[in-house]
1. Kindly list the number of the only condition in (1) over 17 Å from CYS360 (Cα atoms); (2) at pLDDT 95 or above; (3) of a type in the set (D, E, K, R) that fails for ASP231.
2. In the range 1-50, what count of residues is obtained for those that are assigned to a loop (DSSP other than H, G, I, E, B) and either of a type in the set (Asp, Glu) or touching a strand residue (DSSP E or B) at 6+ places or on another chain (Cβ under 8 Å) (or both)?
3. Does ALA88 count as outside the structural domain of LYS354 (by TED's automatic domain parsing), of a type in the set (A, V, I, L, M, F, W, C) and at pLDDT below 80?
4. Tally up the residues in the range 216-246 that are surrounded by fewer than 24 Cβ atoms within 10 Å (Cβ to Cβ), of a type in the set (A, V, I, L, M) and closer than 22 Å to HIS322 by Cβ, please.
5. Restricting the first residue to the range 10-32 and requiring it to be in the same structural domain as THR54 (by TED's automatic domain parsing), which pairs with a second residue that is of a type in the set (Asp, Glu) meet a Cβ separation below 8 Å and a spacing of at least six or different chains?
6. Tell me the helices (runs of 4 or more DSSP H) entirely within the range 305-403 that contain at least 3 residues that are in contact (Cβ under 8 Å) with a residue 40 or more places away in the chain and surrounded by 13 or more Cβ atoms within 10 Å (Cβ to Cβ).
7. Collect the residues in the range 350-393 that are among the aromatic types (Phe, Trp, Tyr) and touching a Lys or Arg at 6+ places or on another chain (Cβ under 8 Å), keeping them in residue-number order.
8. Report whether or not THR351 is of a type in the set (Val, Ile, Thr) and at pLDDT 95 or above.
Amino acid sequence: MNSDVQLAQYFSGMWPHLDEHARRLVAAGKAVELGYGGISRVSRACGLSRVTLTKGVQELQEAPLAPGRIRREGGGRHALTTEDPGLAPALDALVEPTTRGDPESPLRWTCKSTRTLAAELSAHHHPVSHAKIAQLLKEGGYSLQGNRKTEEGEDDHPDRDEQFRHINRAVKRALRAGEPVISVDTKKKELIGNYHNQGRQWRKTGTADKVNGHDFPGPAVPRAYPYGIYDLGRNTGFVNVGTDHDTATFAVASIRGWWRAEGRRLYPRARRLLITADGGGSNGYRLRLWKWELQRLADQTGLMLSVRHFPPGTSKWNKVEHRLFSFISSNWRGEPLRDYETVVRLIAGTTTAKGLRVTCRLDHHKYPVGHKVTDEKFAQVHLTPDRFHGEWNYTIHPSNTSE
């Protein structure tokens with residue numbers, strides 16, 4: 001095997017059958033066999049660098065590697081995050097200001113491209129490629145998400161992102177201070193009876209539940225209105241299942257029920273309650289009745305109630321949606337909600353691997369619609385708007401005397 005062509009043919013025939021370690025040792029052994037100039041000839045023939053071949057020659061003179069290893073402990077290129085420990089925090093800090101949704105959400109995403117992020121990090125003394133940025137984002141729980149239609153159908157408000165940041169700052173401050181922070185909303189109403197429920201469950205073949213062929217219920221068919229309160233600090237849920245109407249009075253009654261059943265025991269020293277809510281529905285920022293009922297709650301509990309509404313068109317970013325309601329829907333998928341007891345049982349039985357616990361109660365009280373709050377009544381609401389979008393961000397203070 002004197003010619004370089006024969007040498008190249010020799011290695012090309014063996015290479016597909018060898019791993020990195022074996023290739024290095026075989027090539028190093030051939031270089032030693034060829035003698036003077038052998039490293040250069042083998043390097044040209046097999047494609048391994050002279051440095052790799054030199055290391056291979058040294059390895060032939062050392063003790064064998066442990067079974068299963070292809071290089072010695074500590075060998076190979078170190079991870080970029082090891083060589084630059086500030087890279088990952090710098091990336092997170094760069095993404096965080098443009099992240100929409102809650103700061104702790106596992107569904108975070110950013111409008112910046114990986115190339116833009118790589119360029120900004122490199123300019124701040126963290127040289128990195130856009131491919132590595134994509135890898136780090138994936139490892140950090142980010143995902144590349146496309147457009148998705150929303151139920152609200154409204155255009156983005158120009159202050160949408162700033163409102164998210166405003167909410168995030170308020171939530172962080174409250175959690176650091178040990179104050180209660182709750183996310184509230186009404187889950188979609190559910191038909192009570194032998195009706196189809198979305199989803200599938202494992203059952204013996206041919207034993208699926210038989211339900212009504214059509215879901216066109218009249219007004220006499222009972223409905224369930226689950227109003228959820230998710231405690232961000234403790235990862236617990238409280239669901240009040242109403243049987244009448246989803247009104248602002250019902251919404252605040254649900255929060256009152258949570259405070260009496262759990263909140264005041266868990267937060268005995270609390271003076272303020274932070275509530276994050278959607279901008280519409282029974283807890284909408286335009287509803288006078290919502291604010292008037294919150295005033296009654298503040299007077300009864302002595303709590304200052306700070307409210308932060310999500311901007312229009314962003315209800316799915318509310319924590320209660322993907323930390324509570326999504327798991328409830330998963331727990332009762334494919335299960336006909338034939339009676340209220342079934343609804344309560346399935347909601348209360350909802351748990352997650354991260355320790356979510358849910359309390360559920362049935363509320364048979366009447367909450368008639370059409371309740372108007374006059375100017376005289378609304379004047380009794382002690383509301384202080386924030387300087388930033390006071391219609392979305394405000395605090396309701398207790399009166400001097402309870403009603």
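1. For ASP231, the exception is condition (1).
2. So the answer is 1.
3. no
4. Of the residues in the range 216-246, 3 are surrounded by fewer than 24 Cβ atoms within 10 Å (Cβ to Cβ), of a type in the set (A, V, I, L, M) and closer than 22 Å to HIS322 by Cβ.
5. ARG24/GLU59; LEU25/GLU59; ALA28/GLU59
6. By residue number, 340-348.
7. Answer for the range 350-393, where residues must be among the aromatic types (Phe, Trp, Tyr) and touching a Lys or Arg at 6+ places or on another chain (Cβ under 8 Å): PHE378, TRP392.
8. no
The values are calculated or read from the model by the stated rules, or taken from the named source; none is laboratory data. Computed from a predicted model, the values in this text were never measured in an experiment. Note: ideal-geometry Cβ built from the backbone for every residue, glycine included; neighbour counts use all protein chains shown.
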